[in-house]
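Data first, discussion second: the structure below is written as structure tokens.
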Amino acid sequence: MCQKVINVLAVASFAVSGAVVVSGLYVYVNRDSIVDGVKSQVMEAVTGSLGGGLTPSLPTGANDLSTGTQAAGPDAGLGVPTF
């Protein structure tokens, strides 16, 4: 009885080890196509989150965020209102 249990465990261990080796070989042989597939999925996810095209309308930094009501000069500070 004990020998049968040990034989079953040995066969199961051999099967798991074989599955690991076969899956490792599959990944090694197909690594280029796997990498290309992941890259394309990442690019689709990134461009999809931008709202469509590759050229989203981003702020240019040319006073896009200012309201134009603050004074310019040495006393203007960092745009923090003073009371």
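The values are calculated or read from the model by the stated rules, or taken from the named source; none is laboratory data. Nothing here was measured: the structure is a model prediction, and the numbers come from that model. Methodologically, a virtual Cβ is constructed for each residue, glycine included, from the backbone with ideal geometry; neighbour enumeration extends over all protein chains shown.
Do we find that ALA45 is aliphatic (A, V, I, L, M), modelled with pLDDT of 95 or more and in a helix (DSSP H, G or I) in this structure? Here the answer is no, as ALA45 does not meet what is asked. Taking residues in region 39-59 that are of a type in the set (A, V, I, L, M) and surrounded by 10 or more Cβ atoms within 10 Å (Cβ to Cβ), and partners anywhere that are at pLDDT below 70 and not in a helix (DSSP H, G or I), the pairs with Cβ atoms closer than 7 Å and at least 6 places apart or on different chains are LEU50/PRO56.
Looking at the structure I just gave you, is GLY77 at pLDDT below 65, surrounded by 10 or more Cβ atoms within 10 Å (Cβ to Cβ) and of a type outside the set (Ser, Thr, Tyr)? Criteria met by GLY77.
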